[in-house]
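Here the structure comes first, spelled out in structure tokens, and everything after it is commentary.
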Amino acid sequence: MGAADSKLRFKNHVFRLSDSTTEIPPNSEYWDTFWREPQSANDIFNLLTPSDIRTIRDANKQQFLRLLKVISDRLLFLTGQRNVPARSFQKQHQLNCIRLLTKLVPFLYEDHTLAEDERTLFWTQAKASSSSPQAEAEADSDDTPLGARLVFACVDLLFTANFTVPKARVELANTVDLSIWEPGIGLSGKFQQPRVEIDSNRLEVLRLLLVLCSQCLYETPPQLISNGSRFLTVMTTSLPRLKTLTLICSLLNLACRTMGAPGDQTGLDSTNPSFVHLRVLMASHAIQLLTLMIVYPLPKTDVSFLKETGIFTETPLNLTRHFCGKLHKENELEFLRTGLLAPLRAPLISASDTNNANVISSFVSGAFSANEPSVWCIESIMLVWEFYQLNRRFRSYIATNFGNSLMVSLLYYVHSYRKQEAYRNVVRICSYFFLYLSADPLICNSVLASFPSEEYAILPQTFKLSVAPLTYRDFLVSHSCAMLLDLSTSVLRPTLVEWIYNLLPLGNQPGRDVVPTMNRRASRDITNGASLGSSSTSPSLSAPVNIVAQQRIGSGISYPTATLLTQLILRFSAIGFLQENAINPDLLALLVRAICHALCRFSKNFSALIFIICRDKKVYTDVLNIINRLDAIQKESAKNSPIVNPEDSDIDDHFSLSDRSSIALDSQEGSQNMADEDESFMRPRPPVGMSAKAKGKLVAGAPLHAKWAGSKAMAIILEFIQVTTKNVPEFSNDSPTDTATLISKIEDLDYSNLIISNIHRGEFLPSKTGFEPLKFTWSNMSLGWYCSILWGCIFVNYDVNRRKRYSVSGSISVFKKAAIDWGFSKWSNSEAALTEIAENAMSDVGTWHGTHVKVFKIKERMRDTPTLMQPRGAVDAVADSLVKRLNDFRLGRNGSVVDSSAPGTPDTISGSFFRTHNPFGGPTDSPAPDSPRPLMITPRGSVSGTPRGSVVGTPVLTPRPSFSEIARRED
């Protein structure tokens, strides 16, 4: 905007709106300054501080609303100019209107007292009031609500020739060209390197669309689903079909290419850090908008709203989910798999495979690391999960050919990052997706396949077992048991037990190859309640490709895994463990029932497990005795404790897995006070006999062992021990016998006649009932939590890239100065102009910075990284790194230059956020020296931590001292 005087003049001009005694009419020339003066996003985002905007909003509400109205009308007027020559079109005015709305709208949303004003402004049928006589003369007479017209205009801007779609020559401004942005689905061809001005304009429009839909940030998770966002409703239901398809294909192609394509086909291989950060930021907004559109469930209240306002008169449905559910060509499915699953597999791939960066990008990014999640990890998992639900052909393709790899990848995230606070949400999303997949019959068949030695060999050493696993199921169960034996995984304990319950009693059964329609998140996406997944493909697609015969081995579990299971029973049956938490007796019951199901249904495949059970039979025979002791301890404790009104009691003595499903959050305060470990609304429906209803039918006052949900299953296991030791005499004497011989004799026993035929409990009798796995439950609460994670990613996205940009830009500046001193040429003038365009589109301040979000909590943490205000360590690290890298610099040399002297960043919330990430796997670098104090985001009413596996810093930036200033300080 120029010198400080012009900035101060602009700010004083804005503050005239806070004067409640002066009313400025909509057609006043006063408003012209808003879109004429600013030259960049920073001119608006930095000058208009949160306190300034709140002052105007609270002191003069009408003028604040009029400002929004005038800017919206001006944007619509400029976008609607179709007959203006492209050269004379006021593009800067259009961009400034976009930036102003992006900055101001969040402050309208955060004040719930303005909810009615927001509806009146955006969603009432009224003709647009013009901001100038010229606009009034050309104003459109359409009475479509302003909010819908803004959505339609923004989508048009995303496909405007020479603005967001590259064209060689365009005569008229605002020419809509419905061309898909990049090759992929719906467009074949060769990838073209992106143009900076096109990417910068796309970023501006995508950012505005996300802001318009961000009303969800200011709702609590239960309200998030019931209220939704009308902007998002309009965008997913009311666009013309051709525009919807073009938008979906453009966003999807960009997302898959950015996350999964080789580096030279993503636009991220530039040597200019501003270009790279612009591209990453634009791609992040596109990925997040696409994910929002796919995940979004239509609120019931919006159905009548669309018809009453005339926005959409047909029966609405989420067209994004509808069209994504129709993708069926093999090349389309493979494109999706490559783009969405590749970033999930990245941490399991050797770091040497990604050592292909050029010299300057290596200097910027540091060494690529194969053990850090992608910066789009959560969005990638959500997209895979959504496509898995809504597209039956994709589900069959992935489950049949890549289901094992997907399960192993999800397990790796949980195993590797469960102790890192920064990645709590990554772990939680992976754990629930794993639970969802473990109840899928196709996945259940695939995990029974043998684990190929060549695939096992490429796993990270820390992820391998001490003994190579027999099958994928063996590998998954073994790691689950090992994590449960780790005392630090208490938050994940219920989910891990549910994994084992689903995986252990597996075997090839008739009819397990059918693609079911159960356990789908439908009914919210089509208002008549029909499942979108079931309607997305033709009936001929109901049967998937058969799993190859070599996968049908039906093996049980190995000796080491059986040993871990017994150790887990021993740990969970300890009296101290059972008293630690009210849910722990039920977790023990789930484990016992899982073992009982496995023995009763597939005893031939579990001879090693039966051997371990018989060898360590004391572990199992003591379980019921310990339950009786626990009952006595509880009764003694009840006698010595004061009488408590049952209605006031927080925990029932016989707590059930299903008791927690009734917990609801009715207010913001309720979600704040909910314990971090409470994710009760995410738990599956419990098995037969473990629900609150079933326990309510038990005799009052009966001993605990009679009411404990694992009693009957344990009785059957004890019968297996008795029959086995009776028919295999070697167990009864001390004569040395080879283990393999004993297992072979156990396998020869006919348990069907010896035990199973005498079982009267129908739940465990294979001939009467099939095994019912625990299924992840979609509800308003669980979906609200799910969406809050996504909004957390969107909230921190700009802050992540801002910090990386500051860190890298400072390093590049030093590099450029050194290169000039050594005689290298400067960057060209054209590149300098493009750099200015990129910088003008990006802001130093987060989009929602300073607003009071409600969908998650922000917790401030103390800084634990060195900064330039405490130069010892940080400056030394920069200097050492610079000298080391420049000494190793060779022209034409490829590969990463690793700085082994840089201080390591601790694996904590604050540390992980300040690393320089590679979008495909996350290389680490030294901490950003100017990073402000970090904040932690936690979705309300959940256990989850930071949604991107990171933290949010305060938006007040500490100015970076120059190196000359640092030198003077050290002198």
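Right, Thr237: of a type in the set (Val, Ile, Thr) and under 25 Å from Arg99 (Cβ atoms) or not? Considered against the rule, which asks whether it is of a type in the set (Val, Ile, Thr) and under 25 Å from Arg99 (Cβ atoms), Thr237 comes out as no.
Yes/no matrix, rows are residues, columns are (1) closer than 27 Å to Ala838 by Cβ; (2) more than 21 Å from the chain's Cα centre (by Cα); (3) open to solvent by 10 Å² or more (accessible area, probe 1.4 Å):
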residue: Glu204; (1), (2), (3): yes, yes, no
residue: Arg207; (1), (2), (3): yes, no, no
residue: Leu212; (1), (2), (3): yes, no, no
residue: Gln215; (1), (2), (3): no, no, yes
residue: Tyr218; (1), (2), (3): no, no, no
residue: Pro221; (1), (2), (3): no, no, no
residue: Ser229; (1), (2), (3): no, no, no
residue: Arg241; (1), (2), (3): no, yes, yes
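If you go through region 289-310 one residue at a time, do you hit one that is surrounded by fewer than 22 Cβ atoms within 10 Å (Cβ to Cβ), of a type in the set (Gly, Ala, Ser) and in contact with a helix residue (DSSP H, G or I) (Cβ under 8 Å, 6 or more places away or on another chain)? Scanning region 289-310 turns up no residue that is surrounded by fewer than 22 Cβ atoms within 10 Å (Cβ to Cβ), of a type in the set (Gly, Ala, Ser) and in contact with a helix residue (DSSP H, G or I) (Cβ under 8 Å, 6 or more places away or on another chain).
When the residues of region 56-80 are filtered to those that are of a type in the set (S, T, N, Q) and buried (at least 16 other Cβ atoms within 10 Å of the Cβ), which remaining residue is farthest from Phe163 (Cα to Cα)? Break it down into steps so the answer makes sense when it comes.
First, the residues of region 56-80 that are of a type in the set (S, T, N, Q): 60, 62-63, 72, 79.
Next cut, buried (at least 16 other Cβ atoms within 10 Å of the Cβ) only: 60, 63, 72, 79.
Values: Asn60: 36, Gln63: 32, Ser72: 19, Thr79: 11 Å.
For region 56-80, the residue satisfying everything is Asn60.
Among what's in region 477-492 and is in a helix (DSSP H, G or I) and open to solvent by less than 20 Å² (accessible area, probe 1.4 Å), pick the residue that is farthest from Phe606 (Cα to Cα). Out of the qualifying residues, it is Thr489. Restricted to helices (runs of 4 or more DSSP H) entirely inside region 374-442, those with at least 1 residues that are more than 17 Å from the chain's Cα centre (by Cα) and under 22 Å from Gly325 (Cβ atoms) are 377-390, 392-401, 403-417.
Count, please, the residues in region 376-396 that happen to be among the acidic types (Asp, Glu) and under 13 Å from Asn425 (Cβ atoms).
At the first step, the residues of region 376-396 found to be among the acidic types (Asp, Glu) are 379, 386.
Within this subset, residues satisfying the condition of being under 13 Å from Asn425 (Cβ atoms) are 379.
Counting residues in region 376-396 that are among the acidic types (Asp, Glu) and under 13 Å from Asn425 (Cβ atoms) gives 1.
Would you check if Arg512 is among the basic types (Lys, Arg), at pLDDT below 90 and surrounded by fewer than 18 Cβ atoms within 10 Å (Cβ to Cβ)? Spell out the reasoning first.
Working: among the basic types (Lys, Arg): yes; at pLDDT below 90: yes; surrounded by fewer than 18 Cβ atoms within 10 Å (Cβ to Cβ): yes.
So Arg512 passes the test.
Inspect region 83-94 for any residue being part of a helix (DSSP H, G or I) and either of a type in the set (Phe, Trp, Tyr) or within 25 Å of Leu114 (Cβ to Cβ) (or both) and give the result as yes or no. Taking every residue of region 83-94 in turn, none turns out to be part of a helix (DSSP H, G or I) and either of a type in the set (Phe, Trp, Tyr) or within 25 Å of Leu114 (Cβ to Cβ) (or both). Tell me, yes or no, whether region 116-136 has at least one residue that is closer than 23 Å to His849 by Cα, open to solvent by 20 Å² or more (accessible area, probe 1.4 Å) and either of a type in the set (Asp, Glu) or modelled with pLDDT under 95 (or both). Yes - at least one qualifying residue is present in region 116-136. Test Ile547 against the criterion of being open to solvent by 50 Å² or more (accessible area, probe 1.4 Å), of a type in the set (A, V, I, L, M, F, W, C) and either at pLDDT below 90 or touching a Pro at 6+ places or on another chain (Cβ under 8 Å) (or both), and give yes or no. Spelling it out, it is not the case that Ile547 is open to solvent by 50 Å² or more (accessible area, probe 1.4 Å), of a type in the set (A, V, I, L, M, F, W, C) and either at pLDDT below 90 or touching a Pro at 6+ places or on another chain (Cβ under 8 Å) (or both). Quick check on my filter: what residues within region 41-64 are within 34 Å of the chain's Cα centre (by Cα) and part of a helix (DSSP H, G or I)? Hits for region 41-64 are Ala41, Asn42, Asp43, Ile44, Phe45, Pro50, Ser51, Asp52, Ile53, Arg54, Arg57.
The values are calculated or read from the model by the stated rules, or taken from the named source; none is laboratory data. Here the structure is a predicted model, which means the values were calculated and not measured. Backbone-built Cβ (ideal geometry, glycine too); neighbour counts: all protein chains shown. In case anyone asks, the SASA skips ligands and DNA or RNA and just uses the protein heavy atoms, side chains included. Shrake-Rupley method; radii C 1.70, N 1.55, O 1.52, S 1.80 Å.
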